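The values are calculated or read from the model by the stated rules, or taken from the named source; none is laboratory data. All values reported here derive from a predicted model rather than from experimental measurement. No Cβ is skipped: glycine too gets one built from the backbone with ideal geometry, and neighbour counts run over all protein chains shown. Note: accessible area is taken over every heavy atom of the protein model, side chains too, but ligands, DNA and RNA are not part of it. Shrake-Rupley method; radii C 1.70, N 1.55, O 1.52, S 1.80 Å.
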Amino acid sequence: MHKKVVLITGGRRGIGAATALQAAAKGWDVVIGFNSDQKAADAVVAQITEMGRHAMAVQADIGCEDQIRRLFAVVDVQFGQLNAFVNNAGIVDSATTVAELTGELLERMFRINTIGAFLCAREAVLRMSTTRGGHGGAIVNVSSIAARLGAPRQYVDYAASKGAMDVMTLGLAKEVAAEGIRVNAVRPGLIDTDIHASGGQPDRVRRLAPGVPMQRGGTAVEVANAIVWLMSDESPYTTGSLLEISGGNL
Ligand code: NAP
């Protein structure tokens with residue numbers, strides 16, 4: 001395969017790390033963005049290097065525009081090309097109702113999950129667009145079924161931040177379709193990662209799994225496989241899609 005480079009934000013653990021490893025297994029060189037925990041990021045890089053691919057970890061807070069610019073600039077300098085971008089970094093907060101939300105909580109949620117995702121997509125388009133000297137490519141946004149369900153009494157703020165990502169996927173896909181860039185999103189359901197503990201509910205997957213039609217949570221690898229397919233040449237006519245990976249939780 002011709003050498004290809006993917007940048008994945010939030011790549012030090014969970015769905016991002018699984019995507020990094022699956023992409024490397026398919027022959028991609030990988031840059032992972034991470035916010036905290038250099039050691040965990042380095043461990044993912046080491047696994048990829050052992051697979052014979054080039055990899056690098058770059059620290060960048062996706063809630064900060066300057067750091068996003070720097071992240072992509074490092075890819076330019078170190079790899080000289082960008083063929084795919086995975087907008088994976090994201091947060092949930094403690095479960096709450098809209099009545100209890102504060103402006104501060106909302107600002108943080110949208111700054112990272114929505115504005116950060118938009119700004120990263122912009123940087124990817126600037127590099128991939130054939131009308132801007134790029135060679136085309138693919139963007140995969142990691143949304144959530146929460147965008148469709150609304151997540152009442154849990155995370156309406158999070159659901160709305162992912163809803164905006166879905167609309168960005170639809171609009172941007174059309175905007176850059178003639179510029180060689182495909183833009184798709186995956187909408188994972190209940191996936192067994194540390195994000196639930198980060199939101200104060202470490203037992204969330206076990207508790208809610210019986211309500212999923214398949215009666216289990218999904219794995220990060222199950223989501224990663226779909227992401228890698230969407231960014232690959234095996235999905236050349238797929239753009240503007242919102243792919244549900246939710247064990248039938250529709
Ligand atoms: P995770 O393990 O918590 O991964 C989230 C990643 O995002 C972490 O690596 C985290 O890095 C990074 N991140 C958070 N804030 C950041 C910031 N300001 N700057 C840079 N990176 C930041 O959870 P996950 O389940 O793999 O989540 C990956 C994506 O899937 C998220 O967008 C999430 O919304 C989405 N998703 C997950 C589920 C699920 O059930 N697990 C379902 C639907 C959608 P640090 O920890 O270093 O900050």
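Under a crude label model (7 Å from the Cα following the beta-carbon direction), how far is ALA197 from VAL77 in nanometres?
If labels sit at ALA197 and VAL77, their model points lie 3.5 nm apart.
Per-residue counts of other Cβ atoms within 10 Å, averaged by peptide: what ranking do you get for 62-73, 4-15, 85-96, highest first?
Most protected by this proxy first, the peptides run 4-15, 85-96, 62-73.
In whole Hz, what ³J(HN,Hα) sequence does region 52-60 give by Karplus (6.51, -1.76, 1.60; θ = phi - 60°), x for Gly and Pro?
Going residue by residue, I get x, 9, 7, 8, 7, 10, 10, 6, 6 Hz, with x marking Gly and Pro.
Sorted by packing (mean other beta-carbon atoms within 10 Å per residue), highest first, where do 173-186, 218-231 land? Walk me through the intermediate numbers first.
Values: 173-186: 19.6, 218-231: 21.4.
Order by mean packing, descending: 218-231, 173-186.
Of all accessible surface on region 5-245 at a 1.4 Å probe, what whole percent is carbon and sulfur?
That share works out to 54 percent.
Under 5 Å between amide hydrogens, which residues at least 5 positions from ILE139 or on another chain qualify, with H placed 1.01 Å from N in the peptide plane?
So ILE139 has HN proximity to PHE85, ARG182, VAL183, ASN184.
In Å³ and rounded to a whole number, note down the convex hull volume per residue for the Cα atoms of the chain. Could you put the intermediate results ahead of the total?
Numbers: hull volume 29.5 nm³, N = 250.
Given the Cα convex hull of the chain, per-residue volume reads 118 Å³.
Taking only Cα atoms and a 10 Å spring cutoff, compute GNM fluctuations for the chain and point out the largest among THR238, THR49, THR102.
Greatest mean-square fluctuation among the candidates belongs to THR102.
How large is the direction-averaged shadow of the alpha-carbon convex hull of region 167-250, in nm²? Display every interim value, and only then the final one.
Details: hull surface 25.0 nm².
Average of the hull's projected areas for region 167-250 equals 6.3 nm².
Quick one: if you stick a label point 7 Å off each Cα along the C-beta vector at ALA46 and ASP93, how many nm between them?
Going from the ALA46 label point to the ASP93 one covers 3.6 nm.
With +1 on each Lys and Arg Cβ and -1 on each Asp and Glu Cβ, how big is the dipole of the chain about its Cα centre, in debye rounded to the nearest 20?
Numbers: 24 positive and 24 negative charges, 66 e Å.
The calculation lands at about 320 debye.
Place a point 7 Å from the Cα of VAL167 along the Cα-to-Cβ direction; which residues of region 92-130 have their backbone N under 18 Å from it?
Label zone hits: 106-122.
Using only alpha carbons, build the gyration tensor for region 17-66 and give me the equivalent ellipsoid semi-axes, biggest first, whole Å.
Numbers: eigenvalues 84, 25, 13 Å².
Ellipsoid half-lengths, sorted descending, are 20, 11, 8 Å.
With a Förster radius of 35 Å, plug the Cβ-Cβ distance of ARG206 and GLN59 into 1/(1 + (r/R0)^6) and report the FRET value to the nearest 0.05.
For ARG206 and GLN59, the calculated efficiency is 0.60.
Quick one: compute the contact order of region 1-137, relative version, from alpha carbon pairs under 8 angstrom and 6+ residues apart, as a percent.
24
Quick one: compute a quarter of the convex hull surface over the Cα atoms of region 1-132 and quote it in nm².
The number I arrive at for region 1-132 is 8.9 nm².
Expressed in nm to one decimal, what extension gain is obtained for the pair LYS3 and SER36 from 0.36 nm per residue of sequence separation less their Cα-Cα distance?
9.0 nm
Stretch ASP66-ALA177 to full length: gain in nm at 0.36 nm per residue minus the Cα-Cα span?
Contour length minus the Cα-Cα distance gives 37.2 nm.
Can you tell me the accessible area per residue over the chain, all protein chains present, probe 1.4 angstrom, in square angstrom? Mind dumping the intermediate values first?
Numbers: 11340 Å² over 250 residues.
For the chain, the solvent-accessible area averages 45 Å² per residue.
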